[in-house]
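Following: one structure in structure tokens, then a few remarks.
Read-outs throughout are calculated quantities, based only on the coordinates presented, and are distinct from any laboratory measurement. Since this is a predicted model, take the numbers as computed values, not measurements. With ideal geometry, Cβ positions are generated from the backbone for all residues, glycine too; neighbour counts draw on all protein chains shown.
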Amino acid sequence: MTFDECGGGTNGGCGASVYTALIGPKVIPHTVSSVLYHHENSLRTMLDSLGIKDYPGASATAADMSDFFEKNDSKPEVTVTSPANNTSMGSPVLFQASATPSAGHTISGWVIYVDSVNVYSAGAVMSINTNVNMTAGKHTIIVRAWDTSGAYGDQTLNITVTTNKPTVTVSTPTNNSTVGSPTNLKASATPSSGQKICGWWVYVDSIGVYSAGTVNSINTNLNTAVGAHQIVVRAWDTSGAYGDQTINVTVKQTVQQLTITVLSPTQGATVGSPINVQAIANRPKGDWMKKWWVYLDNVQVFNAGANPKIDTNIHASSGNHTLKVEAQDTGGQTAQQVVTVTVK
């Protein structure tokens, strides 16, 4: 006995619920079910009661309302030990269930339905143990087993799948910062429980510009044009899920700086005299080297002209000394590097 509508209609009033009562000699008295049933469940129950095996529409995968009735030994009994009904968990969801066939028969097959969609099947086994990937949100699960009589039994569950994905943290650059190009990007990822990071992608304005494999952190430089950009850093783990972090940066026009590197001697080295001094310049595009100077204890001891590098020998007495190598390019930029040495 059921009522079709309540309040403002099927989608409003009464929480969109309708009253249904089951009356009969095999109904367990005073039963109130905690399972969420729909019209297709009541149709399935009527068809099963009448022995009709042609199930139209959604009733083909709907469970009958068996919790209202006394145990029927003419069909298998299904017991689901995982997941528990009305619980929340991450994906993949572990399903563990066993079945007892009707008298004189054996279990012949299994199916798991998630929201009326067949997501898993098995053969003639007494129990199943499997993981099923599911999207976040609320789901209705039917775990069903057949026996060799052709009858089946099932159990219906309602579960909520929570978001279970890697966590990505971008340490450099910070969100809404102004940066130069190339832009240094540093990020780390923590996989979901029991999983490992298996891949990375970095997107600049929705275009993939960098990828990496099974590492927990990345450190790379991104060449980006001047202007505002959106950077998405995404990491996958072995569950197939991914997490990401989105940051916005503004790339400004940067002037390349003149830099020099002293190749010899190294900082803090003990050397003989004369001291071999070697240095090389990294100059901005379009500029040329103009001049070099070498100072020993703040006294100029060497100079050279428009060379990209220098290689010279400086005489020095025994003891501790400071060497300063300085260079200038045609753009007017000056750079220097200081090393200390001990002469023996």
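Between the C-alpha center of the stretch 45-80 and that of the stretch 240-312 there is a gap of 81 Å.
D by Stokes-Einstein for the stretch 116-203, Kirkwood Rh over Cα pairs, 10 °C, 1.306 mPa s: 89 µm²/s.
For Met126, the shell of other residues with beta-carbons less than 15 Å away shows a net charge of -1, using +1 for Lys and Arg and -1 for Asp and Glu.
Within the chain, the longest run free of exposed loop sites, counting GluC sites (Glu not before Pro) that sit outside DSSP helix and strand states (H, G, I, E, B) and have at most 16 other Cβ atoms within 10 Å, spans 71-344. Sort the stretch 13-141 into rounded, prolate or oblate with this rule: let a ≥ b ≥ c be the square roots of the eigenvalues of the Cα gyration tensor; rounded if a/c is under 1.5, and if a/c is not under 1.5, prolate when a/b is larger than b/c, oblate otherwise. Oblate, because a/c is 1.5 or more while a/b does not exceed b/c. Alpha-carbon geometry of the stretch 259-343: the Rg and the Dmax are 12.7, 42 Å, given in that order. With kT/(6 pi eta Rh) evaluated at 10 °C and eta = 1.306 mPa s, and Rh the Kirkwood radius from Cα pairs, the chain diffuses with a coefficient of 58 µm²/s according to Stokes-Einstein.
Once you have the Kirkwood Rh of the stretch 167-251 from its Cα pairs, apply Stokes-Einstein at 4 °C and 1.567 mPa s and quote D in µm²/s.
Answer from the Stokes-Einstein relation: 101 µm²/s.
Over 32 Å apart at the Cα level, from the set Lys290/Lys344; Lys75/Lys138; Lys138/Lys196; Lys75/Lys165, are Lys290/Lys344; Lys75/Lys165.
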